[in-house]
1. Can you give the net charge of the other residues whose Cβ lies under 15 Å from the Cβ of N44, counting K and R as +1 and D and E as -1?
2. List the aspartates and glutamates whose Cα lies under 19 Å from the Cα of K75, skipping any in the same chain that are fewer than 8 positions away.
3. About the Cα centre, and with charges only on the beta carbon of Lys, Arg (+1) and Asp, Glu (-1), how big is the dipole of region 49-96? Nearest 20 debye, please.
4. Restricting the calculation to Cα positions, tell me the Rg (one decimal) and the Dmax (whole number) of region 57-98 in Å.
Amino acid sequence: MPKKIILICWLLSGCARLFAQNSGTELYDNDWRFFRGGAQGAENNRFDDSKWRKIDLPHDWSIEDLPGTTSPFSKAAISQVGGGFTTGGTGWYRKTFTIPVAQKASG
């Protein structure tokens, strides 16, 4: 990617963050919790995810380096070329936020 395009994207991203901070809105892509694997009951509001890893979006767990390697790819991946030689599996993302009373829709 040309350096000019990267610089423009970086500047636009910074402007968007500054606007969000000044407008009193919260960026939805910050402060997520992530767990790679199955998590029984994680769909429940009261599930304890305090020991899950903290991440910001964008994030793609399927291309993180595999434990004990410096690569996200495996020749033994079940999906082979169709899945880009990534191992696949299950990953959970969770985020908790509070909607201020003034912003809640009346029902």
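1. +1
2. Partners within reach: E64, D65.
3. With Lys and Arg at +1 and Asp and Glu at -1, about 180 debye.
4. For region 57-98, the Cα radius of gyration and maximum Cα-Cα distance read 12.8, 44 Å.
Read-outs: derived from the displayed coordinates by stated rules, not from any lab. Everything numeric in this text was worked out from a predicted model, so none of it was measured. Every residue, glycine among them, receives a Cβ derived from its backbone with ideal geometry; neighbour counts consider all protein chains shown.
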